[in-house]
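Q: This is the structure I have questions about; it appears just below.
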Amino acid sequence: MHARDNVHPLDLAARLDLIDRRLDRLLDAEERLLDLIEESGPIAKEVMGVATDTLMDAEQRGWFAAGREALRVAEAAVGEPTPEESRATADAVISLLDTVQDADLLPVLDRLARTAGRRSRSAPVGPMGVLKALRDPDVQKGLGVALDLLGALGRASTGKRALTPARPARKPRPAPQPRTAPAPAPAVAVAAGTIAGIPVDDLGYLVDPCVWTEDLVPELAKAVGVDTLTDTHWTVLRFARKDWEETGKSPNLRRITLETGLDTKALYALWPVAPGKCTAKVAGIPKPTGCL
Amino acid sequence: MEGNRKVAIICSKGGLDEAYPALILANAARQSGIDAMVFFTFYGLDVIRKGKVDHLGVNMVGNPTSPITPMVAGLPGMSAMASTMMSKRMSQLDIPPAKEMLRILDDSGAKLYACELAMTMMNIKEAELIPEVDSVITASDFYDLSEGAQIVFV
(Lines give C-alpha, C1' and ligand atoms only; values in the text may rest on other atoms or scores of the structure.)
Protein backbone atom coordinates (compact mmCIF):
# COMPACT_ATOMS: atom_id res chain seq x y z
CA MET A 1 0.00 0.00 0.00
CA HIS A 2 1.52 3.35 -1.07
CA ALA A 3 1.81 6.17 1.33
CA ARG A 4 0.04 8.22 -1.21
CA ASP A 5 -3.11 6.28 -0.91
CA ASN A 6 -4.19 8.57 1.77
CA VAL A 7 -3.64 11.71 -0.25
CA HIS A 8 -5.54 14.81 0.47
CA PRO A 9 -8.00 15.85 -2.26
CA LEU A 10 -6.40 19.37 -2.42
CA ASP A 11 -2.96 17.95 -3.15
CA LEU A 12 -4.45 15.89 -5.94
CA ALA A 13 -5.92 18.98 -7.53
CA ALA A 14 -2.57 20.80 -7.36
CA ARG A 15 -0.89 17.87 -9.00
CA LEU A 16 -3.42 17.61 -11.75
CA ASP A 17 -2.95 21.31 -12.40
CA LEU A 18 0.78 20.84 -12.68
CA ILE A 19 0.32 17.96 -15.11
CA ASP A 20 -2.06 20.02 -17.14
CA ARG A 21 0.41 22.86 -17.43
CA ARG A 22 3.12 20.50 -18.51
CA LEU A 23 0.92 18.98 -21.15
CA ASP A 24 0.19 22.43 -22.49
CA ARG A 25 3.84 23.14 -22.83
CA LEU A 26 4.42 19.88 -24.60
CA LEU A 27 1.60 20.51 -26.99
CA ASP A 28 3.04 23.96 -27.79
CA ALA A 29 6.41 22.53 -28.51
CA GLU A 30 4.93 19.87 -30.72
CA GLU A 31 2.94 22.47 -32.54
CA ARG A 32 5.99 24.59 -33.14
CA LEU A 33 7.88 21.57 -34.41
CA LEU A 34 5.12 20.73 -36.80
CA ASP A 35 5.17 24.32 -38.07
CA LEU A 36 8.89 24.10 -38.65
CA ILE A 37 8.59 20.88 -40.58
CA GLU A 38 5.87 22.35 -42.64
CA GLU A 39 7.84 25.46 -43.52
CA SER A 40 11.07 23.66 -44.28
CA GLY A 41 9.32 21.20 -46.47
CA PRO A 42 9.65 23.08 -49.76
CA ILE A 43 13.23 24.19 -49.00
CA ALA A 44 14.20 20.65 -48.21
CA LYS A 45 12.63 19.44 -51.38
CA GLU A 46 14.59 21.94 -53.39
CA VAL A 47 17.86 21.13 -51.69
CA MET A 48 17.26 17.47 -52.25
CA GLY A 49 16.52 18.16 -55.89
CA VAL A 50 19.78 20.07 -56.41
CA ALA A 51 21.78 17.48 -54.55
CA THR A 52 20.38 14.67 -56.62
CA ASP A 53 21.03 16.56 -59.86
CA THR A 54 24.63 17.27 -58.88
CA LEU A 55 25.29 13.70 -57.92
CA MET A 56 23.80 12.43 -61.12
CA ASP A 57 25.92 14.86 -63.10
CA ALA A 58 29.03 13.71 -61.26
CA GLU A 59 28.20 10.13 -61.96
CA GLN A 60 27.79 10.87 -65.63
CA ARG A 61 31.14 12.61 -65.70
CA GLY A 62 32.73 9.51 -64.29
CA TRP A 63 33.76 10.92 -60.96
CA PHE A 64 32.34 8.10 -58.99
CA ALA A 65 34.09 5.56 -61.13
CA ALA A 66 37.29 7.55 -60.82
CA GLY A 67 36.80 7.87 -57.11
CA ARG A 68 36.33 4.12 -56.82
CA GLU A 69 39.50 3.50 -58.83
CA ALA A 70 41.41 6.06 -56.79
CA LEU A 71 40.38 4.29 -53.65
CA ARG A 72 41.49 1.03 -55.22
CA VAL A 73 44.87 2.54 -56.10
CA ALA A 74 45.26 3.93 -52.63
CA GLU A 75 44.40 0.59 -51.16
CA ALA A 76 46.85 -1.22 -53.41
CA ALA A 77 49.60 1.30 -52.83
CA VAL A 78 49.12 1.86 -49.19
CA GLY A 79 47.67 -1.46 -48.17
CA GLU A 80 46.72 -1.41 -44.58
CA PRO A 81 49.17 1.07 -43.26
CA THR A 82 50.28 1.33 -39.74
CA PRO A 83 50.52 4.86 -38.39
CA GLU A 84 54.30 4.74 -38.78
CA GLU A 85 54.07 3.69 -42.40
CA SER A 86 51.58 6.43 -43.16
CA ARG A 87 53.84 8.96 -41.60
CA ALA A 88 56.80 7.69 -43.62
CA THR A 89 54.81 7.85 -46.83
CA ALA A 90 53.68 11.39 -46.07
CA ASP A 91 57.27 12.38 -45.31
CA ALA A 92 58.42 10.94 -48.60
CA VAL A 93 55.79 12.83 -50.54
CA ILE A 94 56.65 16.09 -48.76
CA SER A 95 60.35 15.55 -49.38
CA LEU A 96 59.72 14.83 -53.03
CA LEU A 97 57.61 17.95 -53.46
CA ASP A 98 60.19 20.05 -51.69
CA THR A 99 62.98 18.71 -53.88
CA VAL A 100 60.99 19.26 -57.04
CA GLN A 101 60.26 22.83 -56.02
CA ASP A 102 63.78 23.56 -54.82
CA ALA A 103 65.43 22.27 -57.90
CA ASP A 104 63.11 24.28 -60.08
CA LEU A 105 62.24 20.99 -61.66
CA LEU A 106 58.57 21.79 -61.77
CA PRO A 107 58.78 24.46 -64.47
CA VAL A 108 61.39 22.39 -66.29
CA LEU A 109 59.19 19.30 -66.23
CA ASP A 110 56.26 21.40 -67.30
CA ARG A 111 58.16 22.76 -70.28
CA LEU A 112 59.52 19.29 -70.99
CA ALA A 113 56.05 17.81 -71.07
CA ARG A 114 54.86 20.43 -73.48
CA THR A 115 57.94 20.24 -75.70
CA ALA A 116 57.98 16.46 -75.71
CA GLY A 117 54.36 16.42 -76.71
CA ARG A 118 55.05 18.68 -79.65
CA ARG A 119 58.09 16.69 -80.71
CA SER A 120 56.47 13.28 -80.61
CA ARG A 121 57.09 13.01 -84.34
CA SER A 122 60.91 13.50 -84.29
CA ALA A 123 62.80 12.00 -87.19
CA PRO A 124 64.99 8.96 -86.49
CA VAL A 125 68.66 9.80 -85.92
CA GLY A 126 71.62 7.65 -86.90
CA PRO A 127 75.11 7.59 -85.31
CA MET A 128 76.40 10.50 -87.41
CA GLY A 129 73.27 12.39 -86.49
CA VAL A 130 74.09 11.75 -82.85
CA LEU A 131 77.54 13.24 -83.29
CA LYS A 132 76.05 16.26 -84.99
CA ALA A 133 73.42 16.65 -82.31
CA LEU A 134 76.12 16.60 -79.63
CA ARG A 135 77.35 19.92 -80.96
CA ASP A 136 74.03 21.56 -80.04
CA PRO A 137 74.41 23.32 -76.67
CA ASP A 138 70.79 22.48 -75.79
CA VAL A 139 71.45 18.79 -76.28
CA GLN A 140 74.60 19.10 -74.23
CA LYS A 141 72.68 20.77 -71.45
CA GLY A 142 70.02 18.08 -71.61
CA LEU A 143 72.73 15.43 -71.39
CA GLY A 144 74.11 17.18 -68.35
CA VAL A 145 70.72 17.16 -66.65
CA ALA A 146 70.11 13.53 -67.59
CA LEU A 147 73.53 12.53 -66.25
CA ASP A 148 72.88 14.42 -63.03
CA LEU A 149 69.58 12.60 -62.61
CA LEU A 150 71.28 9.27 -63.28
CA GLY A 151 73.87 10.11 -60.68
CA ALA A 152 71.15 10.93 -58.19
CA LEU A 153 69.42 7.68 -59.06
CA GLY A 154 72.60 5.74 -58.45
CA ARG A 155 73.18 7.47 -55.17
CA ALA A 156 69.62 6.90 -54.10
CA SER A 157 69.81 3.22 -54.88
CA THR A 158 72.92 2.76 -52.78
CA GLY A 159 72.05 5.28 -50.10
CA LYS A 160 70.43 4.95 -46.68
CA ARG A 161 67.05 3.25 -46.46
CA ALA A 162 65.69 5.74 -43.96
CA LEU A 163 64.22 8.84 -45.51
CA THR A 164 65.89 12.07 -44.66
CA PRO A 165 63.89 15.24 -44.23
CA ALA A 166 63.88 17.56 -47.23
CA ARG A 167 67.44 18.61 -47.86
CA PRO A 168 68.15 22.32 -48.04
CA ALA A 169 68.80 23.54 -51.58
CA ARG A 170 72.32 22.68 -52.67
CA LYS A 171 74.57 25.69 -52.34
CA PRO A 172 75.85 26.73 -55.77
CA ARG A 173 79.46 25.71 -56.20
CA PRO A 174 81.71 28.71 -55.76
CA ALA A 175 82.92 30.03 -59.09
CA PRO A 176 86.21 28.31 -59.87
CA GLN A 177 89.08 30.57 -58.95
CA PRO A 178 90.70 31.86 -62.11
CA ARG A 179 93.87 29.92 -62.37
CA THR A 180 96.67 32.41 -62.21
CA ALA A 181 100.14 31.37 -63.06
CA PRO A 182 102.03 30.67 -59.86
CA ALA A 183 103.97 33.69 -58.80
CA PRO A 184 107.46 33.31 -60.17
CA ALA A 185 109.89 32.29 -57.49
CA PRO A 186 111.58 35.37 -56.13
CA ALA A 187 114.95 35.75 -57.63
CA VAL A 188 117.06 34.30 -54.92
CA ALA A 189 119.69 33.34 -57.44
CA VAL A 190 123.02 33.01 -55.80
CA ALA A 191 125.47 35.48 -57.19
CA ALA A 192 128.10 33.32 -58.84
CA GLY A 193 130.18 36.26 -59.86
CA THR A 194 130.01 39.81 -60.97
CA ILE A 195 130.18 41.63 -64.24
CA ALA A 196 131.13 45.28 -63.96
CA GLY A 197 130.47 44.97 -60.27
CA ILE A 198 126.91 43.74 -60.69
CA PRO A 199 126.13 40.29 -59.31
CA VAL A 200 125.21 37.64 -61.90
CA ASP A 201 124.12 34.03 -61.46
CA ASP A 202 126.00 30.98 -62.68
CA LEU A 203 124.46 31.21 -66.15
CA GLY A 204 125.40 34.85 -66.55
CA TYR A 205 122.02 36.51 -65.99
CA LEU A 206 121.68 39.50 -63.71
CA VAL A 207 120.62 38.46 -60.24
CA ASP A 208 118.55 41.62 -59.91
CA PRO A 209 117.18 42.88 -63.22
CA CYS A 210 116.24 46.21 -61.74
CA VAL A 211 119.79 47.46 -61.33
CA TRP A 212 120.37 47.39 -65.06
CA THR A 213 121.13 50.56 -66.95
CA GLU A 214 122.22 51.05 -70.53
CA ASP A 215 125.73 51.90 -69.33
CA LEU A 216 126.20 48.30 -68.31
CA VAL A 217 125.54 47.02 -71.82
CA PRO A 218 129.09 47.18 -73.23
CA GLU A 219 130.45 45.23 -70.27
CA LEU A 220 127.67 42.68 -70.40
CA ALA A 221 128.15 42.31 -74.16
CA LYS A 222 131.87 41.69 -73.68
CA ALA A 223 131.02 38.95 -71.22
CA VAL A 224 129.11 37.09 -73.95
CA GLY A 225 131.82 37.73 -76.52
CA VAL A 226 130.69 40.81 -78.41
CA ASP A 227 133.02 43.80 -78.39
CA THR A 228 131.30 46.18 -80.75
CA LEU A 229 127.65 46.94 -80.60
CA THR A 230 125.77 47.88 -83.74
CA ASP A 231 122.44 49.66 -84.13
CA THR A 232 120.80 46.29 -84.57
CA HIS A 233 122.14 45.26 -81.19
CA TRP A 234 120.66 48.33 -79.59
CA THR A 235 117.30 47.92 -81.32
CA VAL A 236 117.03 44.38 -80.09
CA LEU A 237 118.28 45.15 -76.59
CA ARG A 238 115.98 48.07 -76.13
CA PHE A 239 113.00 46.15 -77.42
CA ALA A 240 113.73 43.17 -75.17
CA ARG A 241 114.09 45.39 -72.11
CA LYS A 242 110.89 47.28 -72.87
CA ASP A 243 108.98 44.09 -73.52
CA TRP A 244 110.10 42.61 -70.23
CA GLU A 245 109.14 45.78 -68.39
CA GLU A 246 105.71 45.84 -70.01
CA THR A 247 104.75 42.20 -69.95
CA GLY A 248 106.88 40.86 -67.12
CA LYS A 249 108.19 38.10 -69.38
CA SER A 250 111.40 38.08 -71.34
CA PRO A 251 110.56 37.86 -75.05
CA ASN A 252 111.54 34.70 -76.88
CA LEU A 253 113.28 34.81 -80.24
CA ARG A 254 110.06 34.45 -82.17
CA ARG A 255 108.56 37.44 -80.42
CA ILE A 256 111.64 39.51 -81.09
CA THR A 257 111.56 38.65 -84.80
CA LEU A 258 107.86 39.39 -85.06
CA GLU A 259 107.98 42.68 -83.19
CA THR A 260 111.23 44.16 -84.48
CA GLY A 261 110.82 42.89 -88.03
CA LEU A 262 114.34 41.52 -88.03
CA ASP A 263 114.63 38.02 -89.34
CA THR A 264 116.12 35.03 -87.58
CA LYS A 265 119.31 35.14 -89.61
CA ALA A 266 120.04 38.70 -88.51
CA LEU A 267 119.45 37.79 -84.89
CA TYR A 268 121.76 34.81 -85.07
CA ALA A 269 124.40 37.10 -86.53
CA LEU A 270 124.27 39.46 -83.55
CA TRP A 271 125.75 37.10 -81.02
CA PRO A 272 128.17 34.18 -81.30
CA VAL A 273 125.63 31.72 -79.94
CA ALA A 274 122.18 31.53 -78.47
CA PRO A 275 120.80 34.91 -79.57
CA GLY A 276 117.74 34.74 -77.34
CA LYS A 277 119.75 34.04 -74.23
CA CYS A 278 122.50 36.51 -75.00
CA THR A 279 119.97 39.25 -75.62
CA ALA A 280 118.44 38.55 -72.24
CA LYS A 281 121.80 38.52 -70.50
CA VAL A 282 122.91 41.80 -72.01
CA ALA A 283 119.54 43.46 -71.51
CA GLY A 284 119.62 42.47 -67.86
CA ILE A 285 116.36 40.52 -68.02
CA PRO A 286 115.70 36.94 -66.91
CA LYS A 287 116.22 33.93 -69.14
CA PRO A 288 113.40 33.55 -71.67
CA THR A 289 111.13 30.52 -71.26
CA GLY A 290 109.24 28.53 -73.87
CA CYS A 291 110.11 26.45 -76.87
CA LEU A 292 110.20 29.04 -79.55
CA MET B 1 132.54 24.71 -84.02
CA GLU B 2 135.10 22.50 -82.34
CA GLY B 3 134.01 20.88 -79.16
CA ASN B 4 130.56 22.33 -79.37
CA ARG B 5 127.65 20.19 -78.34
CA LYS B 6 125.84 18.70 -81.33
CA VAL B 7 122.49 17.05 -81.85
CA ALA B 8 121.32 15.05 -84.89
CA ILE B 9 117.58 14.45 -85.21
CA ILE B 10 116.11 11.86 -87.56
CA CYS B 11 112.58 12.74 -88.62
CA SER B 12 110.84 9.71 -90.12
CA LYS B 13 107.17 10.66 -89.96
CA GLY B 14 105.03 13.32 -91.57
CA GLY B 15 102.19 14.05 -89.16
CA LEU B 16 101.90 17.35 -87.34
CA ASP B 17 102.24 15.51 -84.06
CA GLU B 18 105.14 13.49 -85.41
CA ALA B 19 107.26 16.03 -87.25
CA TYR B 20 106.94 18.99 -84.91
CA PRO B 21 108.92 17.39 -82.08
CA ALA B 22 111.84 17.16 -84.50
CA LEU B 23 111.51 20.75 -85.62
CA ILE B 24 111.05 22.18 -82.14
CA LEU B 25 113.97 20.19 -80.74
CA ALA B 26 116.22 21.40 -83.52
CA ASN B 27 115.14 24.98 -83.02
CA ALA B 28 115.60 24.87 -79.26
CA ALA B 29 119.04 23.38 -79.78
CA ARG B 30 120.02 26.24 -82.02
CA GLN B 31 118.64 28.77 -79.55
CA SER B 32 120.87 27.29 -76.88
CA GLY B 33 123.88 27.44 -79.11
CA ILE B 34 123.92 23.70 -79.83
CA ASP B 35 124.72 22.63 -83.41
CA ALA B 36 121.72 20.88 -84.92
CA MET B 37 120.92 18.86 -87.99
CA VAL B 38 117.70 17.19 -89.07
CA PHE B 39 117.71 14.14 -91.33
CA PHE B 40 114.35 13.61 -93.03
CA THR B 41 113.49 10.10 -94.16
CA PHE B 42 110.42 8.16 -95.31
CA TYR B 43 107.28 10.07 -94.45
CA GLY B 44 109.39 12.80 -92.93
CA LEU B 45 110.18 13.71 -96.52
CA ASP B 46 106.67 15.11 -96.79
CA VAL B 47 107.74 17.80 -94.35
CA ILE B 48 110.37 19.09 -96.78
CA ARG B 49 108.45 18.66 -100.03
CA LYS B 50 106.96 21.68 -101.72
CA GLY B 51 103.19 21.58 -101.51
CA LYS B 52 103.11 18.74 -98.98
CA VAL B 53 104.68 20.86 -96.29
CA ASP B 54 101.64 23.13 -96.27
CA HIS B 55 99.21 20.27 -95.73
CA LEU B 56 100.57 18.22 -92.89
CA GLY B 57 97.85 16.59 -90.88
CA VAL B 58 97.22 14.35 -87.93
CA ASN B 59 95.02 11.36 -87.29
CA MET B 60 93.84 10.00 -83.99
CA VAL B 61 93.80 6.33 -85.02
CA GLY B 62 97.45 5.82 -84.26
CA ASN B 63 97.16 7.45 -80.85
CA PRO B 64 96.42 4.94 -78.08
CA THR B 65 95.41 7.67 -75.66
CA SER B 66 93.02 9.36 -78.05
CA PRO B 67 89.60 9.97 -76.54
CA ILE B 68 88.04 8.81 -79.80
CA THR B 69 87.90 5.09 -80.45
CA PRO B 70 89.84 4.00 -83.57
CA MET B 71 86.60 2.82 -85.14
CA VAL B 72 85.28 6.35 -85.16
CA ALA B 73 88.62 8.08 -85.63
CA GLY B 74 89.07 6.23 -88.92
CA LEU B 75 85.80 7.40 -90.44
CA PRO B 76 85.99 9.71 -93.43
CA GLY B 77 86.49 13.30 -92.43
CA MET B 78 87.69 12.60 -88.91
CA SER B 79 91.33 12.95 -89.85
CA ALA B 80 90.70 16.23 -91.64
CA MET B 81 88.76 17.50 -88.65
CA ALA B 82 91.53 16.59 -86.23
CA SER B 83 94.13 18.22 -88.48
CA THR B 84 92.15 21.42 -88.75
CA MET B 85 91.67 21.56 -85.01
CA MET B 86 95.34 21.04 -84.31
CA SER B 87 96.42 23.61 -86.89
CA LYS B 88 94.01 26.13 -85.48
CA ARG B 89 95.28 25.52 -81.98
CA MET B 90 98.85 25.95 -83.13
CA SER B 91 98.16 29.25 -84.81
CA GLN B 92 96.31 30.42 -81.69
CA LEU B 93 99.47 29.75 -79.71
CA ASP B 94 101.51 31.49 -82.37
CA ILE B 95 103.42 28.33 -83.22
CA PRO B 96 104.74 28.85 -86.75
CA PRO B 97 103.50 26.57 -89.51
CA ALA B 98 105.93 23.90 -90.69
CA LYS B 99 107.20 25.90 -93.63
CA GLU B 100 108.10 28.84 -91.44
CA MET B 101 109.66 26.58 -88.82
CA LEU B 102 111.93 25.20 -91.50
CA ARG B 103 112.86 28.69 -92.61
CA ILE B 104 113.67 29.65 -89.02
CA LEU B 105 115.75 26.48 -88.69
CA ASP B 106 117.64 27.29 -91.84
CA ASP B 107 118.22 30.90 -90.76
CA SER B 108 119.44 29.80 -87.37
CA GLY B 109 122.09 27.61 -88.91
CA ALA B 110 120.54 24.16 -88.50
CA LYS B 111 121.33 21.70 -91.29
CA LEU B 112 118.50 19.99 -93.11
CA TYR B 113 119.11 16.79 -95.07
CA ALA B 114 116.96 14.43 -97.12
CA CYS B 115 117.41 10.67 -97.22
CA GLU B 116 118.48 9.42 -100.62
CA LEU B 117 117.14 5.90 -100.24
CA ALA B 118 113.70 7.05 -99.15
CA MET B 119 113.57 9.52 -102.02
CA THR B 120 114.34 6.76 -104.50
CA MET B 121 111.75 4.47 -102.93
CA MET B 122 109.02 7.08 -103.01
CA ASN B 123 110.03 8.47 -106.37
CA ILE B 124 110.76 12.01 -105.20
CA LYS B 125 112.99 14.31 -107.17
CA GLU B 126 115.36 16.77 -105.58
CA ALA B 127 113.55 19.60 -107.33
CA GLU B 128 110.47 18.82 -105.31
CA LEU B 129 112.24 19.64 -102.07
CA ILE B 130 112.01 23.06 -100.43
CA PRO B 131 115.03 25.33 -100.93
CA GLU B 132 115.99 25.22 -97.25
CA VAL B 133 117.21 21.62 -97.60
CA ASP B 134 121.01 21.55 -97.70
CA SER B 135 121.57 18.28 -99.55
CA VAL B 136 120.47 14.71 -100.20
CA ILE B 137 122.63 12.27 -98.23
CA THR B 138 122.88 8.57 -97.49
CA ALA B 139 122.83 6.87 -94.12
CA SER B 140 126.57 6.59 -93.94
CA ASP B 141 126.93 10.28 -94.84
CA PHE B 142 124.63 10.89 -91.94
CA TYR B 143 127.00 9.07 -89.60
CA ASP B 144 129.93 11.10 -90.83
CA LEU B 145 128.10 14.35 -90.31
CA SER B 146 126.77 13.44 -86.91
CA GLU B 147 130.07 12.43 -85.39
CA GLY B 148 130.10 13.34 -81.73
CA ALA B 149 126.45 14.32 -81.86
CA GLN B 150 123.59 13.06 -79.78
CA ILE B 151 121.28 11.22 -82.15
CA VAL B 152 117.51 11.51 -81.63
CA PHE B 153 115.08 9.39 -83.65
CA VAL B 154 111.62 10.90 -83.95
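The values are calculated or read from the model by the stated rules, or taken from the named source; none is laboratory data. Here the structure is a predicted model, which means the values were calculated and not measured. Every residue, glycine among them, receives a Cβ derived from its backbone with ideal geometry; neighbour counts consider all protein chains shown. These area figures cover heavy atoms from the full protein model, side chains too; ligands, DNA and RNA do not enter into them. Shrake-Rupley method; radii C 1.70, N 1.55, O 1.52, S 1.80 Å.
Q: Quick one: is A:Asp215 part of a loop (DSSP other than H, G, I, E, B), at pLDDT 85 or above and of a type outside the set (S, T, N, Q)?
A: For A:Asp215, the condition - part of a loop (DSSP other than H, G, I, E, B), at pLDDT 85 or above and of a type outside the set (S, T, N, Q) - is not met.
Q: Let me ask another. So which of B:Ala36, B:Ala19, B:Ala8 ends up being modelled with pLDDT of 90 or more and part of a helix (DSSP H, G or I)?
A: B:Ala19
Q: Still on this model: Select the helices (runs of 4 or more DSSP H) contained entirely in region B:74-154, then report the ones holding at least 1 residues which are more than 14 Å from chain A (Cβ to nearest Cβ).
A: Per the criteria, B:78-92, B:116-121, B:139-145.
Q: Which of the residues that make up region A:237-256 are part of a helix (DSSP H, G or I) and away from chain B (no Cβ under 12 Å)?
A: Selection gives A:Leu237, A:Arg238, A:Phe239, A:Ala240, A:Arg241, A:Lys242, A:Asp243, A:Trp244, A:Glu245, A:Glu246, A:Thr247.
Q: Criterion first (part of a loop (DSSP other than H, G, I, E, B) and within 57 Å of the chain's Cα centre (by Cα)) does A:Pro81 satisfy it?
A: Against the criterion (part of a loop (DSSP other than H, G, I, E, B) and within 57 Å of the chain's Cα centre (by Cα)), A:Pro81 qualifies.
Q: Quick one: in region A:257-274, which of the residues that are more than 12 Å from B:Ser108 (Cα to Cα) and away from chain B (no Cβ under 11 Å) is most open to solvent (accessible area, probe 1.4 Å)?
A: The qualifying residue most open to solvent (accessible area, probe 1.4 Å) is A:Glu259.
Q: Within region B:1-45, restricting attention to residues that are polar (S, T, N, Q) and away from every other protein chain (no Cβ under 13 Å), which residue is surrounded by the fewest Cβ atoms within 10 Å (Cβ to Cβ)?
A: By that ranking, first place goes to B:Ser12.
Q: Residue by residue through region B:46-58, note down the ones that are open to solvent by less than 80 Å² (accessible area, probe 1.4 Å) and either in a helix (DSSP H, G or I) or in contact with a helix residue (DSSP H, G or I) (Cβ under 6 Å, 6 or more places away or on another chain) (or both).
A: Scanning region B:46-58 gives B:Asp46, B:Val47, B:Ile48, B:Arg49, B:Val53, B:Leu56, B:Gly57, B:Val58.
Q: Still on this model: Return yes when A:Leu26 is assigned to a helix (DSSP H, G or I) and open to solvent by 100 Å² or more (accessible area, probe 1.4 Å) and no when it is not.
A: Yes: the conditions hold for A:Leu26.
Q: Limited to region A:275-292, what total is found for residues that are among the β-branched types (Val, Ile, Thr), out of contact with any Leu (no Cβ under 6 Å at 6 or more places or on another chain) and open to solvent by less than 30 Å² (accessible area, probe 1.4 Å)?
A: 2
Q: Still on this model: Pull up region A:67-78, narrow it to residues that are under 23 Å from A:Leu55 (Cα atoms), open to solvent by 90 Å² or more (accessible area, probe 1.4 Å) and not hydrophobic (A, V, I, L, M, F, W, C), then point me to the one that is nearest to the chain's Cα centre (by Cα).
A: A:Arg72
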